[in-house]
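Novice: Would you mind keeping the following structure in view while I ask a few things?
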Amino acid sequence: MAAGDHDDLELDPLRKEAVGWVRRLTSGAATMADADELRQWRDKSPEHAAAFAAASLLWRDLGKAGETLRRRDTGSRLQDNAARRIGPMSRRAFVGGGLVAASVAAGVYVAARPPLELWPSLTELSADYRTGAGEQRNVAVSDNVSIRLNTRTSIARQSSDEGGERLKLIAGEASFATARQGRTLIVEAADSEMTATAARFDVRYLQHDDGASVCATCLRGELRVARGGDRATVMAGQQLRYDAQGEMQVRSVDIDVMSAWHDGVLIFRATPLSEVVTEVNRYRAGRIIVTSAALGRAPVSGRFRISRLDDILTQIEQAFGARMRALPGGIVLLS
């Protein structure tokens, strides 16, 4: 046997496992248990998540050649077929270099936004403080600054020359509190900076299908926000909101509703179901998808415990006659 026939064995063990997972999940026989096991494997480290994303991208890009790999234990035929498709390239370059290239692409892909947000991005995984789906956490950054992280939230500490603390909200939602005047806290979210002393405020930074959005709610004291050349002051009981396309807008809000998550509660008042589902998805593993536009516009009102969010699905079924279909990986289709 020629030495080149062993090139597929030169993949490191982690990449081999990742390719094995892709083959297993695309076999047509994957079960809910397989999806749960994959989630546990992928969550072991950022390297595991990146390896799986790289293998997934490679599988997608190879198209029919990927089907060959799924049918063969060694994967050698895939390398031969791919080599014929992409020209005079050695099998070692294809399997090694191809997967390395896919890893680079996957790094950008995962860091930017994983598909359906089913796992954290690499940027989130590198944060100093992080919470998973449905998790909340209190952190004392210093004797002056404390944070309460909501679900799926990542925060990084930053160096500061201002004599105070500087934090970056990478993704998610958190409540920040400062204890004393004269000590400045700066929170960076997307392209804005929020500065406060002796204040308490919530900041939410989320990615949506149509782009990112930032929302800052002042609960006590005042909050100064700078974004490019724009400046705004948010007082207690007010909220500032903007997205990638819009200007900063300040408005009065119901603090009890906005901060209900602090007490483990979500409150909706005639909120379109599509928006309710977007919020609920942040607190649970997997993803709920509304497949009917008309159903997505249906208004939902209620007070729900974060620990019992399946109650919302029950209410939707009963109130709107919706049909639910559960799929592996925590995916639920509503129609």
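Novice: Which residue, of Asn150, Asn144, is closer than 25 Å to Ile255 by Cβ, of a type outside the set (A, V, I, L, M, F, W, C) and modelled with pLDDT of 95 or more?
Specialist: So the residue among Asn150, Asn144 that is closer than 25 Å to Ile255 by Cβ, of a type outside the set (A, V, I, L, M, F, W, C) and modelled with pLDDT of 95 or more is Asn150.
Novice: If you don't mind, another one. Find the residue count for segment 253-287, including only residues that are among the hydroxyl-bearing types (Ser, Thr, Tyr) and touching a residue at least 60 places away in the same chain (Cβ under 8 Å).
Specialist: Let us first name the residues in segment 253-287 that are among the hydroxyl-bearing types (Ser, Thr, Tyr), namely 259, 271, 274, 278, 283.
Still in the list and also touching a residue at least 60 places away in the same chain (Cβ under 8 Å): 259, 278, 283.
Selection size over segment 253-287: 3.
Novice: Answer with yes or no whether Arg224 is outside any strand (DSSP E or B) and not hydroxyl-bearing (Ser, Thr, Tyr).
Specialist: Numbers: outside any strand (DSSP E or B): no; not hydroxyl-bearing (Ser, Thr, Tyr): yes.
So Arg224 fails the test.
Novice: Restricting the search to segment 239-256, which residues are surrounded by 14 or more Cβ atoms within 10 Å (Cβ to Cβ) and within 20 Å of Asn150 (Cβ to Cβ)?
Specialist: Those that are surrounded by 14 or more Cβ atoms within 10 Å (Cβ to Cβ) and within 20 Å of Asn150 (Cβ to Cβ): Gln239, Leu240, Arg241, Tyr242, Asp243, Val253, Ile255.
Novice: Which one is surrounded by the most Cβ atoms within 10 Å (Cβ to Cβ) among residues in segment 267-282 that are touching a Pro at 6+ places or on another chain (Cβ under 8 Å) and more than 15 Å from Ser335 (Cα to Cα)?
Specialist: Within segment 267-282, the match that is surrounded by the most Cβ atoms within 10 Å (Cβ to Cβ) is Thr271.
Novice: Of the numbered conditions (1) exposed (fewer than 15 other Cβ atoms within 10 Å of the Cβ); (2) of a type outside the set (S, T, N, Q); (3) more than 21 Å from the chain's Cα centre (by Cα), His262 satisfies every one except a single condition; which is it?
Specialist: Exception for His262: condition (3).
Residues are listed down the side, and each one gets a yes or a no for (1) out of contact with any helix residue (DSSP H, G or I) (no Cβ under 7 Å at 6 or more places or on another chain); (2) not β-branched (Val, Ile, Thr):
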{"residue": "Ala244", "(1), (2)": "yes, yes"}
{"residue": "Met248", "(1), (2)": "yes, yes"}
{"residue": "Asp263", "(1), (2)": "yes, yes"}
{"residue": "Thr271", "(1), (2)": "yes, no"}
{"residue": "Phe304", "(1), (2)": "no, yes"}
{"residue": "Arg308", "(1), (2)": "yes, yes"}
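Novice: Further question: Among the residues of segment 202-214, is there at least one that is at pLDDT below 95, more than 29 Å from Arg305 (Cα to Cα) and not in a strand (DSSP E or B)?
Specialist: There is no residue in segment 202-214 that is at pLDDT below 95, more than 29 Å from Arg305 (Cα to Cα) and not in a strand (DSSP E or B).
Novice: Does Ala236 satisfy the condition of being crowded, with 16+ Cβ neighbours inside 10 Å and either β-branched (Val, Ile, Thr) or in contact (Cβ under 8 Å) with a residue 12 or more places away in the chain (or both)?
Specialist: no
Novice: Can I ask one more? Go through segment 295-323 and count every residue that is hydrophobic (A, V, I, L, M, F, W, C), closer than 28 Å to Gln136 by Cα and free of Cβ contacts under 8 Å to residues at least 24 places away in the same chain.
Specialist: Within segment 295-323, residues that are hydrophobic (A, V, I, L, M, F, W, C), closer than 28 Å to Gln136 by Cα and free of Cβ contacts under 8 Å to residues at least 24 places away in the same chain number 0.
Novice: Right, next: Out of the residues in segment 149-175 that are under 18 Å from the mean Cα position of the chain (by Cα) and among the charged types (D, E, K, R), which is nearest to Ser259 (Cα to Cα)? Break it down into steps so the answer makes sense when it comes.
Specialist: Of segment 149-175, the ones under 18 Å from the mean Cα position of the chain (by Cα) are 149-156, 168-174.
From the residues that got through so far, the ones that are among the charged types (D, E, K, R) too are 152, 168, 173.
On the way: Arg152: 16, Lys168: 20, Glu173: 11 Å.
If we take residues in segment 149-175 being under 18 Å from the mean Cα position of the chain (by Cα) and among the charged types (D, E, K, R), then Glu173 is nearest to Ser259 (Cα to Cα).
Novice: Restricting attention to segment 255-275, does a residue exist that is farther than 23 Å from Phe176 by Cβ, part of a strand (DSSP E or B) and in the same structural domain as Phe176 (by TED's automatic domain parsing)? Don't jump to the end; show me each part of the working.
Specialist: The initial filter retains those residues of segment 255-275 that are farther than 23 Å from Phe176 by Cβ, namely 268-275.
From what is left, the residues that are part of a strand (DSSP E or B) are 268-272.
Checking which are in the same structural domain as Phe176 (by TED's automatic domain parsing) leaves us with none.
Within segment 255-275, not a single residue is farther than 23 Å from Phe176 by Cβ, part of a strand (DSSP E or B) and in the same structural domain as Phe176 (by TED's automatic domain parsing).
Novice: Shifting gears a bit: Among the residues of segment 283-317 satisfying the criterion of being assigned to a strand (DSSP E or B) and hydrophobic (A, V, I, L, M, F, W, C), which is farthest from Pro328 (Cα to Cα)?
Specialist: Checking each candidate, the answer is Val300.
Novice: Is at least one residue of segment 145-152 of a type in the set (A, V, I, L, M, F, W, C) and surrounded by fewer than 18 Cβ atoms within 10 Å (Cβ to Cβ)?
Specialist: The initial filter retains those residues of segment 145-152 that are of a type in the set (A, V, I, L, M, F, W, C), namely 145, 147, 149.
Filter once more, keeping what is surrounded by fewer than 18 Cβ atoms within 10 Å (Cβ to Cβ): none.
Checked against the condition, which is being of a type in the set (A, V, I, L, M, F, W, C) and surrounded by fewer than 18 Cβ atoms within 10 Å (Cβ to Cβ), segment 145-152 yields no hits at all.
The values are calculated or read from the model by the stated rules, or taken from the named source; none is laboratory data. For clarity, every value in this text was computed on a predicted model and none was experimentally measured. Note: ideal-geometry Cβ built from the backbone for every residue, glycine included; neighbour counts use all protein chains shown.
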